[in-house]
Every structure is written in structure tokens, then in C-alpha cells.
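Worksheet: the structure to be examined is printed underneath.
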Amino acid sequence: MIQKVLKHWDELQRYLEELPPEQKAILSSKTNHFSSSLQELSSQFMSLLLTTEDRYHLEKINHKLELKLSQQNSKIGNLEQQLERSQLLYKRVTKALTQGESRFKTILKNSSELITIIEADGQIRDQNSVALERILGYKPDQRIGVFHSDLLHPDDVPAWEAYFARLLKRPGIAPQIEYRKRHANGDWVYLEVIANNLLHDSSINGIILNSRDITERKLSAAALEKSQKQMFNILENITYGFLAIDRHWQFTYVNAKAEDCLHKKRQELLGKNIWEQFPDSAKTIFFDNCHKAVSRKVAVKFEEYYEPLNTWFEIEAYPSEEGLSVFFQDITDRKNAENALKKIYSQLQQQTKLLDTVLSTTPDRLLMLDRSGRLTYINRAGLELTPLSKTCILGKTLEKICWPPELIKLHNKCWKNLLATGQSLTTETDFIHPQTGRRNYCSYIFSPIRSAEGCIVAVLVTNRDITELKKAEAALRASESRYRILSQITSDFAYSFNLLPDQTWACEWMTEAFTRVTGYSASEIAHSGLPECNWIHPEDREMLREQMQSRSRSCKEVSEYRIVTKSGEVRWLWDCRQVVWDEAENRPVGVFGACQDITEHKLVEAKLCETNQVLEGLIKALPVAVVGVDANTLVTAWNPAAEQIFRWQQCEVLGQSLPIVPSDEVTDFSVMFKSELAGELQFAKDCRRQRKDGSLIDVRVSSLPLRSPQGLITGTMKIFSEISAPNGKPHQTRNIKGNCDESQPFWASYVRIPHLKKL
């Protein structure tokens, strides 16, 4: 019996080791109690064996022991069943917990919002990778262990630090905060964040930040604000008066033009009832139409005379959910003009015949069709496209008058469209001219003709020949193509600068020619500032600075100044620029323009100035008479030798017709002058001319044409030498012709023409 008990005891010990901690503690207590009972029974049994006198008593003890063992076995069986149920429940709970954790990690990983857990010192412990990469563009290993504030916008750091300090003092959910964080690509991302302080929770022991990307919302709000600002600027600058009225007929907006028309300031009207501020308007159709627009949700347009202001108004009202938008303008002048037109209506009727005459002589082809498409009028130009006479085609359709088929098809389409919509139509087409057989181009205007009731009773068709215009457009396109090619190779350059609020200039863009002219690249002068940048000549900076400081609005500016190229060369620029002015900020915000390198021009101007001085001195010093004449024979030059020979002073002849041609020499002079203007050179021609006192003198004349910078002949330069002295003896003069090149002017051997470099 003792051996059986020990065997069962060993089995019970093995089951005991497999139990969960809580079940094991309960069963251990019971087995310990059972072990104590066994020890007590064993002691009693041993005492009986020592006595061996009363076997009956021993059997009785054994029976009790068997009963107790049976009871203990029953209890052990119950405990085994509880153990199996506990193990099954433990496995189910463990599986559910594992699945819950897996689902939580999946939800956390794929959440559309960025969930961040940070320590009490602000370091990041964990972040969901998908949202982190989608919102900020970083991998999780790039952000774990760093401080949460290291990507914050510098302007948002103080707000976050104050928020984080309050968050550490108070556990739980804190109010939301907005700040910007730098994306991996360098952009700024707007985040809306809600924080939950769970440092006291042993399962979290951190602060959870739930961040939502609101960049698009912020940008949309900024765009909406900009749009509203633009709308305000439009309403304040339109030529129409504008009123916004809410559903209680109270003013919510009044623009500047409305103030002028109504003779009241907006401060007097905003928030006030329109019928109380303008009680007389309640007795007009303005009242009825406004209520009609609001009640029926339809736009209305009408004209009304307002007696208190002695003004006619044209009014358009548009209903909305907020109330009524009213556009109006003063049409008093137009109404007065209409009344004046009514008075001259009878005169217009008298001029109808004259108009018909004009229409018949116009080069445009004019046709009038009734609603059924029959021709009711055609002018002389329109008859060119049909072999029939005017009397034969009136009352017939275009198909029956042998009109070109291309035009018939277009007519039918546009004519039906105009009758359906009531709107004028404009189009172009080509066709084969029936007389010449050539392809012609024409433009069409289909205009409705309405009755007094507003019904369309006819269609006026205007057909204009634009064949030559099309050819000109083709030539213009070819010219524009050549112009674009020339623009790409020209030495001129264009630019655009932005003026920042701190009064520094930033280069927005610069054409490639800038580098060819200055040697600098656009990036090298991106923030160099104007006019203090080092490539502006120091002596011209003050002039540019004064010009910029005197600006008070948008304007066009032109100036010439010097620059110092990267290689140290000084060059001249001609600068034409347009200032961009911000009316809201009342300051310039930018400038764009174009510059031309005029260095060669400046050098040529200086050389030409020097040459002109030499030439003027030469002409004055010449012993022969030098006379300049323009294409109208007006004197433009008269040197001292001319004064001596012809006795007229310079002040008497400049700007006057040439006075030295005798009446009998006028014809020969005209023939010679025309040949000179045609470019022919005249050398050593003998002729007779007249002095101031009327006496005649024989002279020898040579002439050369004077040309403009474009090469056009604008006049002639004549050189006279006297060939007869007053006493009748020949006057010895130097032959002007000499051995000079006939293709060169007489002064070519005295002065040097500067070389003009092509720009």
C-alpha cells in the first residue's frame, strides 16, 4: 500500500511541474497538506508494527488510509481537469494576444498619419516607417535616436519648446500644435500634431505624437488668400460700381466706384439696410428686380433712372447663397446721347439711299438673307462670284445663284447656327474663284438683324477678300522666324531682378549674352545687389542709385552707364528697364529689362565728334566756296569763302532756298540737281551764278551727294571756284578734282572715318 501511495505521489509531482505559476501554487499547498497527512499515517503505522499485538487495529487504520487515498485521488483528478482547462484557456489567450499585437503593428506601420514615440528628453524612440517615408522622405533608421526638434523650421522651434515643456508637466492628451519640418528633399512640410504624455504608463513610458500632413491645406489657404486679395484689387479698380448685399438687404461690400456714383462713403453704408439708406429706390423697378433675382435665383439686367441723384444707371444683379451682387454704372451720358440720336433719326432715313450707294462701292461682298435663306440684298462686289445679274438672283437661295460650293456649305452652317444662338459669328475660309480659277481667302462676319421686338428677321453677311493679307501674314511669319534667329545671336541681353523686403536685389534670370558682354555668369551676380554690384562702374553707381530712389510707381526707365567686365575692361551699356511696383506694399518689388552694348557706338560718337570738329574747321579754312543743300534745295552749309564770292552772309541763307541760281539757269540747275540726288557725281562743271547785288559770276562747281547713316541721299555738297575775276581776267584756282578718287568726298584726304564695328 505504501508503495502505491509513493507511486501516485511521484506522478502528481510531475503534473505539478507542468502547471502555470498560479495553478502550481494552489496545488502545491494541497499536496503539502496531503504529504503531512501521509507522514502522520506513516508514523501511526510504524508504531503499530513495533507493537504487532493488535492486528485488528492495524486493518482499521489501513481502511481509513485507503478511504483518504481514494478521496485524494478524486481531488487530484478534479485538479487535472482544471489544469487541462487552464492550459487550453492560456493557449487561446496567448494566441489572441499575439494576433492583436500583429494587427496593431500592421495598423501602426500602414497608418496614414505619422506616429512618433519620444523620450522625456525629446529623443525619438520609434516611428511608423511607411508614414515617415511618405510624409518626410526619411528611413526609420535615419530618425531613431535623434531629437525630434532637429528638423523643425527655425521660426517654429520656440513654439515647440514651450509646448513640449507644458507637455512634460501635464500627463495625458495636449491641445494640437502646428509646425514645419524639413523634408528629405529640402522642402518644408506643414504638420498638425496632437501629443499624448504617457510617461506614467509603464507599457509605453513615452510621449506619443500623432502628426498629420496639412501642407496642401496650408498652400490652398495661402492661394485662397492671394485669390481674395486679387479679387479685392479687381473690384476696387473696375470701372463699374459694385455692391454686395446679404439676405437681410444689408451692405457687406462697397467698392470705390460705387462711392463715387452714390455720393456716399462705404463707412456710411456697410451694415446698413439698402432700402433705408435709399428709400426712394423702393419705389422703382430696382426694388422689384432685386427681389425677383433673390426669390427666383436668376440674374437680372436693367436700366433705371434714380431721381434723387438725377442719374441713369445700368444695373446687373446676380443672386447667390450669401445674398446679391450688384454691378452698376452711370449711363446718363449714354441716355442723353440716345435721346439726341432719336432727334436725328429722320435724318438717317434720308441718308439710306446714300448708304446703299456706299455699300455698292465697298470692296467687301455684302449679302442679306431672310430667315428662309433667300437673298434679299447683294452689293456690286458680291456679284463678282456669280454669273447672274442682280435682278435674277434676288429672292433665290445661294445654291440657285451658282455661288462657289465651298462658300455655300459655310453659309448654310453659319446661317443656321446664328438663327439658333442669336450671336454674331466670325470665320475665315478659302475657295476657288469662279472667274480666275485661283484659290482665294476671305473672312466672314455673320450678323443678326433684329426687329423692334428683338426677333431675328434677317442675317447680314460680310465677305472680305483677305488673300493679300494671308500672303502678308506668311511673309510676316517668315520675318519673325528670321527675327528670332537674329535675337539669339545678338549681343543684347535681357534680365530680371527681384527686390527683396530687405532692399537687396536678387537675380531671377539672365540671358546668355550677359556672359559674353560682361564675362560674369548669372550665378556670380545672383545676390550682388543693384546698383552697388562691383560690375557697375563706381562713377555711375550714384546716378543709378538716385534714379532708383526717386521711383514712386511702376515706370519705364532708360539710362546709359559704364560697367567693368570681369577682365577689367570698361564698356558702355544702354539699359531700358520696366519697374514692377507693388501697390499694397507701396514699393518696387522687381525690375526687368534689356541692355545693349553701345561701347562701339560711344567710341564712334567720340571719334565722329572729333571728325566733325576737324571737318568744320576744314570747311571754314578752305579757299573755295562750300555750300550744302538738302533735297528741297534749302541751304544747310555756307562757309566764309562762299560769303566772299556770293556776298551773302551765312545767317542770311541758312535754312533758305539757294539764292545764287539766275533765272535763266534754273532749268539746267534742276536737271543737274536731280542727277546729283540720283547719286551721280559732278566735277568741274562750268556755270554762271548770281551774287547778292544781282551781278553774275562764272564759277566752276563740283558736287557730291550727302547720305544719311542708312545710306539714303539727303542732299548735296557743292564746291564753287571763281573762274573770272572782277576785272575780267581769269581767276587762278586750284582744280578741286585733282587726282582724288571720284567715289570719295573731297574731304576724304583730310579726315579719317572711324571704323564702325557691327553689333
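The values are calculated or read from the model by the stated rules, or taken from the named source; none is laboratory data. Remember, predicted model here, so these are calculated numbers, not experimental data. With ideal geometry, Cβ positions are generated from the backbone for all residues, glycine too; neighbour counts draw on all protein chains shown. When the accessible area is computed, the model is the full protein with side chains, heavy atoms only, and any ligands, DNA or RNA have been set aside. Shrake-Rupley method; radii C 1.70, N 1.55, O 1.52, S 1.80 Å.
Among the GluC sites (Glu not before Pro) within the range 181-226, which fall in a DSSP loop and have no more than 14 other Cβ atoms within 10 Å of their own Cβ?
Working: sites: GLU192, GLU216, GLU225; in loops: none.
Sites meeting the loop and neighbour criteria: none at all.
Positive end of the charge dipole of the range 677-716 (Lys, Arg +1 and Asp, Glu -1 on Cβ, about the Cα centre): tell me which of GLY711, GLY679, GLY694 has its Cα farthest that way.
GLY694
Given H placed 1.01 Å from N in the peptide plane, which residues other than close sequence neighbours of HIS537 have an amide H under 5 Å from its amide H?
Amide H neighbours of HIS537, under 5 Å, 5+ apart: ARG562, ILE563, VAL564.
Over all pairs of distinct alpha carbons, what does the Kirkwood formula give as the hydrodynamic radius of the range 214-294, in Å? Don't jump to the answer; show the numbers that get you there.
Values: mean 1/r = 0.0688 Å⁻¹.
It is 14.5 Å.
Kindly report the accessible area of the range 117-215 per residue (heavy atoms of protein chains, probe 1.4 Å, no ligands, DNA or RNA), in Å².
Values: 5170 Å² over 99 residues.
I get 52 Å² per residue for the range 117-215.
Can you give the accessible area of THR397, probe radius 1.4 Å, in Å² rounded to 10?
Using a 1.4 Å probe on the heavy atoms, I get roughly 40 Å².
Remind me, relative contact order of the range 575-706 in percent, using alpha carbon pairs under 8 angstrom and six or more residues apart?
Working: 162 pairs, mean separation 18.0, N = 132.
Once normalised by length, the contact order is 14 percent.
Label point 7 Å out from LEU383 along Cα-to-Cβ: which residues of the range 390-404 have amide N under 12 Å?
Correct set: 390-394.
Just to confirm, what accessible area per residue do you get for the range 236-290 at 1.4 Å probe, in whole Å²? Show your work: numbers first, answer last.
Values: 3010 Å² over 55 residues.
Heavy-atom SASA per residue in the range 236-290 reads 55 Å².
Just to be sure I understand the model, the point goes 7 Å from the Cα along the line to the Cβ. What's the resulting ASN185 to GLN230 distance in nm?
Each label point lies 7 Å from its Cα, and together they span 2.4 nm.
Summarise the accessible area of the range 114-193 (1.4 Å probe, protein heavy atoms) by the percent that is carbon and sulfur. Numbers along the way, then the final one.
On the way: 2180 of 4170 Å².
Of all accessible area on the range 114-193, carbon and sulfur atoms account for 52 percent.
Starting from the amide H of GLN682, placed 1.01 Å from N in the peptide plane, find each other amide H under 5 Å away whose residue is 5 or more places distant or on another chain.
Here SER703 satisfy the definition.
Which of LYS692/LYS718; LYS342/LYS416; LYS181/LYS218; LYS169/LYS218 have a Cα-Cα distance over 22 Å?
Check vs 22 Å cut-off fails for LYS342/LYS416; LYS169/LYS218.
Which percent of the Cα-Cα distances in the range 556-620 go past 18 Å?
On the way: 1234 of 2080 pairs.
Value for the range 556-620: 59 percent of Cα pairs lie more than 18 Å apart.
For the range 246-346, what relative contact order do you get, as a whole percent, if you take Cα pairs closer than 8 Å and at least 6 residues apart? Walk me through the numbers on the way to the answer.
On the way: 122 pairs, mean separation 20.8, N = 101.
After rounding, I find 21 percent.
Once phi is turned into θ = phi - 60°, what whole-Hz ³J(HN,Hα) does the Karplus curve with 6.51, -1.76 and 1.60 give for every residue of the range 627-644, x standing for Gly and Pro?
Using θ = phi - 60°, the values come out as 10, x, 9, 8, 5, 9, 6, 8, 6, 10, 8, 7, 8, x, 5, 5, 4, 5 Hz.
So, with a 1.4 angstrom probe, what is the percent of accessible area on the range 510-663 that is carbon and sulfur? List each step's numbers first, then the result.
Working: 4060 of 8000 Å².
Roughly 51 percent of what the probe reaches on the range 510-663 is carbon or sulfur.
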